[in-house]
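The values are calculated or read from the model by the stated rules, or taken from the named source; none is laboratory data. Model, not experiment: these values are computed from the prediction. Here the Cβ positions follow ideal geometry from the backbone for every residue, glycine too, while neighbour counts run over all protein chains shown.
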Number of protein chains: 2
Amino acid sequence: MTKLSNLRKLLEINELDAILIASPYNKFYLANLYSGSGYVFVTNKSQYVIVDARYYAQVKENAKDFIVIETSKINTLENILNRIIREEDIQKLGFEGEHITFDTFFCLNMQLQALMISISLKSLRSLKSEAEIKMIEEAALIGDKVYSHILEYIEPGMSERQVENELVRMIKECGGKKESFDIIVASGERGAFPHGKASDKIIQTGEFVTIDFGVNFNNYCSDMTRTFAMGYVKDRQLKEIYEVVRKAQEAAVQNIRAGVTAGEIDAIARNIIKEAGWGEYFGHNLGHGIGIMVHEHPDLSPGSPVVLEEGMVVTVEPGVYIPSIGGVRIEDDVLVNKNSCVVLTKSSRDLMIVKG
Amino acid sequence: MTKLSNLRKLLEINELDAILIASPYNKFYLANLYSGSGYVFVTNKSQYVIVDARYYAQVKENAKDFIVIETSKINTLENILNRIIREEDIQKLGFEGEHITFDTFFCLNMQLQALMISISLKSLRSLKSEAEIKMIEEAALIGDKVYSHILEYIEPGMSERQVENELVRMIKECGGKKESFDIIVASGERGAFPHGKASDKIIQTGEFVTIDFGVNFNNYCSDMTRTFAMGYVKDRQLKEIYEVVRKAQEAAVQNIRAGVTAGEIDAIARNIIKEAGWGEYFGHNLGHGIGIMVHEHPDLSPGSPVVLEEGMVVTVEPGVYIPSIGGVRIEDDVLVNKNSCVVLTKSSRDLMIVKG
């Protein structure tokens, strides 16, 4: 019941009597319901899942700690909520303002007999349980297998999209549910786009290829990036950059442990890249939390005061991107421990040269 | 420029001076920008795309009829909007309340010097242009190819998930971008779940299999369902039901043309199913509009007064689902013409028996 007590702590901090949860990822986190339909309603005293007939049996089975209530034409969501509001004397009712649409808020606010207050739940899922860590570990492990297959598979003459399709196929073959986001395959000059989704471009000998992909395993995500060379390295500058990015990534990872701030870790990688003269070509954050969503709290960003805690899982992904030339990014998923960290993505970070 | 003039008609009807558009599908529809970032801002006089540096060059290239403005730390979205609000004397500013989150609304409403009014744009994209119809046609054609491959591919002993994976692979091989929604493969008893996503269940001889999938081609969707039998039909009742559903689907399609209401079409299919005695087992709408999104305006639902118009594309998908036994659904995509309609999905609707 740690998840529910974490949530109730947030209620206390925000001086709320209850919270209405609509986002699929938080409904899944708390009550095992991954759906756009239905609500989780948690008060200081009790917890409910409110769903229509389609979901009732499934939720009853999967959310044993919750009171499950079925909506109907008469027993609407609003009626059910107002009954609980009266029974438990709820004055201040939190909701996920960063998720609920204006129209949904407007309807609820018209009808509910409590003061509705938008709160952010972004920190709710940041400390992972052992079970959650196992899921992310498994997702990362599948990612490693898929990546090592791709190193064998890829050849000059293939399009980026062909490589993407093989990644998707292998993710499923290795037991993943699906890719955890739109896959980036950026070769040659396209490597300069940090978010260069796979295109019809043909991959050529001598080019660098950056692959950024993740695996969804039981609704938990991994996220990894590797850059490698086709046959040989045409551009000496990119080879230099590779070493800088690798060192920056390694140094950041080596310093991750409970107690340091996200900003300190970002600075370690950023300074190495800056000192090598490529600072202006590293234009994004160092990393982000990962779990049910690919991007979760906390960000590893410049100046962030967020203190890393045991049980957080974050990505570490410095990159350097030179317009019209190409780019390099290396990314791992890292579990924060008390005095160190564990890298969950195990693939080598050395510059690999594949058949060219 | 029909799309923009359609939008301006909606502004007029709603007595608005301008509208701020945030949803990726409407930004793509109007200005070729499919992204969570950036806004399209259309006033009675001019039209703008407001994006950050990452998107500026791309939008400048792809949205020739728009004034493209780049945001920066000083030139924020709010500052840009307030400048246009002053220059064009905008009093009433519409926004997509069914899309924008409460928190986004709250920030904009605090800062913008106009009255913000939530409006629904759901009817905006319902009449498809010739170019749009071609995209949906192509998506449907790819779907037909994929389906005919699956009829050859599927065998007893395969899991539903294996069939799903092959569908995904073939969609890409045939030129689709990806599946347009989570694929349904429901065999045997699972056919009774109208939304039975592919599971690990093994497909067996004698069972009915329902496959419901769509193709995303250039951001336009198709959506088709077929039910077929593995080797032979074990359950005579299901064979009867198949014929009822087929007749209901055919009769509905034959009556689709400009001028009839969505409710009338729904009733034609529903009455045939009711008269055959299966009315209570057809629990969903007959169909829905389709285009950039899988579900668009209009719904073909009981009693709907929406009048079908030339250029709408809708699905027609009656189904009958018997708990613990199985189910049947047949679905096509249909283009509404003046005096008739064109079925875009060409696969046979006869009961197919595949190798078992």
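Observations, loosely collected:
- Selection of helices (runs of 4 or more DSSP H) fully inside segment B:1-70 by the criterion of at least 3 residues being modelled with pLDDT of 95 or more returns B:2-13, B:24-31.
- Of everything in segment B:1-53 that is closer than 23 Å to residue B:216 by Cβ and of a type in the set (D, E, K, R), the residue that is nearest to the chain's Cα centre (by Cα) is B:27.
- Output for segment B:181-197, where each listed residue is charged (D, E, K, R) and either part of a helix (DSSP H, G or I) or crowded, with 20+ Cβ neighbours inside 10 Å (or both): B:189, B:190
- The residue of segment A:146-180 that is nearest to residue A:200 (Cα to Cα), among those that are within 14 Å of chain B (Cβ to nearest Cβ), part of a helix (DSSP H, G or I) and in contact with a strand residue (DSSP E or B) (Cβ under 6 Å, 6 or more places away or on another chain), is A:160.
- Residue A:146 vs. criteria in the same structural domain as residue A:175 (by the TED database) and either surrounded by 14 or more Cβ atoms within 10 Å (Cβ to Cβ) or modelled with pLDDT of 95 or more (or both): yes
- Hey, residue A:200 part of a loop (DSSP other than H, G, I, E, B) and touching a strand residue (DSSP E or B) at 6+ places or on another chain (Cβ under 7 Å) or not: yes
- For segment A:240-284, a tally of residues being among the acidic types (Asp, Glu) and surrounded by 20 or more Cβ atoms within 10 Å (Cβ to Cβ) returns 1.
- Considering segment B:310-356, and only residues there that are part of a loop (DSSP other than H, G, I, E, B) and under 17 Å from the mean Cα position of the chain (by Cα), the residue that is farthest from residue B:207 (Cα to Cα) turns out to be B:311.
- Residue within segment B:301-308 that is in a helix (DSSP H, G or I), at pLDDT 95 or above and touching a Leu at 6+ places or on another chain (Cβ under 8 Å) present: no
- Residue match in segment B:88-97 (condition: within 13 Å of chain A (Cβ to nearest Cβ), exposed (fewer than 15 other Cβ atoms within 10 Å of the Cβ) and either touching a helix residue (DSSP H, G or I) at 6+ places or on another chain (Cβ under 7 Å) or part of a helix (DSSP H, G or I) (or both)): no
- Of all residues making up segment B:193-247, the number that are within 14 Å of another protein chain (Cβ to nearest Cβ) and on the phi > 0 side of the Ramachandran plot: 2
- Residues that are more than 10 Å from chain B (Cβ to nearest Cβ), out of contact with any Leu (no Cβ under 9 Å at 6 or more places or on another chain) and outside any helix (DSSP H, G or I) within segment A:100-145 comprise A:122, A:125, A:126, A:127, A:129, listed in sequence order.
- Search result, residues across segment A:18-63 that are closer than 17 Å to residue A:122 by Cβ and surrounded by fewer than 21 Cβ atoms within 10 Å (Cβ to Cβ): A:22, A:23, A:24, A:25, A:28
- Selection count where residues are surrounded by fewer than 20 Cβ atoms within 10 Å (Cβ to Cβ) and either under 30 Å from residue B:297 (Cβ atoms) or within 21 Å of the chain's Cα centre (by Cα) (or both), scope segment B:205-239: 2
- Hits in segment A:156-215 (condition: of a type in the set (Phe, Trp, Tyr) and within 23 Å of residue A:322 (Cα to Cα)): A:193, A:208, A:213
- Qualifying position, being touching a residue at least 60 places away in the same chain (Cβ under 8 Å), touching a strand residue (DSSP E or B) at 6+ places or on another chain (Cβ under 7 Å), assigned by the TED database to the domain that holds residue B:143 and over 27 Å from residue B:150 (Cβ atoms), among B:298, B:305: B:298
- Lone unmet requirement of (1) in contact with a helix residue (DSSP H, G or I) (Cβ under 6 Å, 6 or more places away or on another chain); (2) closer than 24 Å to residue B:114 by Cα; (3) buried (at least 17 other Cβ atoms within 10 Å of the Cβ) for residue B:11: (1)
- Annotation note: of B:120, B:129, B:148, the sole residue that is closer than 18 Å to residue B:23 by Cβ and among the small types (Gly, Ala, Ser) is B:120.
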